[in-house]
Amino acid sequence: MMNKFTKILENLVVFVATIVVLFLLATVILPRFNYNLIVVKSGSMEPTIKTGSIAISKKQPKYQKGDIITFATASKEIVTHRVTQVIKNGGNIEYKTKGDANNANDLFLVENNRVIGRTIFAMPYFGYLIVFLRSKIGVIILILLPAGYFIWREILKIRKEIKKMKASKQG
């Protein structure tokens, strides 16, 4: 029973450690190479990108019709929509965008300097995990689970040593 519990706990710690490493890779290393990790919070791009997906985008010099881009609106909201039209306005480039699930184009144009990047990869539902890991309870679990595991292992070692000591005194 104890051995089975320890094995389950070990597997859980390895799983959490893997998630932490992937999370750190995505949030720390990717931006250094002009990649960004975005959690998709609405269904406007379904079925192409599902709510709760993580999307990885990469900054490009320009974007074309059909590209899925992530951008910051004037109110600083992060949105991921498809380019429906590229508008050259003098030396500036603007994009008309639309969510795949929406009936109409967005009511605003997106200036090129507001674009974070073109979506190159999306993974369904992993965004929920990222949101959880960024929450207080997620951070607590990320700290307590491995700490609890190591404390448990030490307790088992101490108990084993105590049993050995008792056995040697009796023998």
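Cross-link reach is defined here as a Cα-Cα straight distance under 28 Å, omitting same-chain residues fewer than 8 places apart; for Lys160 the lysines meeting it are Lys4, Lys7, Lys169. For region 111-118, backbone phi angles converted through the Karplus equation (6.51, -1.76, 1.60; θ = phi - 60°) give residue-by-residue couplings of 6, 4, 6, 8, 7, 7, x, 8 Hz, Gly and Pro being listed as x. Dividing the Cα radius of gyration of the chain by 2.2 N^0.38 Å, with N the residue count, gives 1.57.
On a 21 Å Cα-Cα criterion, which of the cross-link pairs Lys59/Lys96; Lys58/Lys98; Lys58/Lys136; Lys41/Lys62 come out too long? Lys58/Lys136; Lys41/Lys62, as the Cα separations exceed 21 Å there. Hydrodynamic radius of region 35-124 by the Kirkwood approach over all distinct alpha-carbon pairs: 12.9 Å. Between Gly99 and Arg82, Asp106, the built amide H atoms are under 5 Å apart, and every one of these is 5 or more places off in sequence or on another chain.
Quick note: the coordinates plus some simple rules give every number you see, no bench work behind them. These numbers come from a predicted model, not from an experiment.
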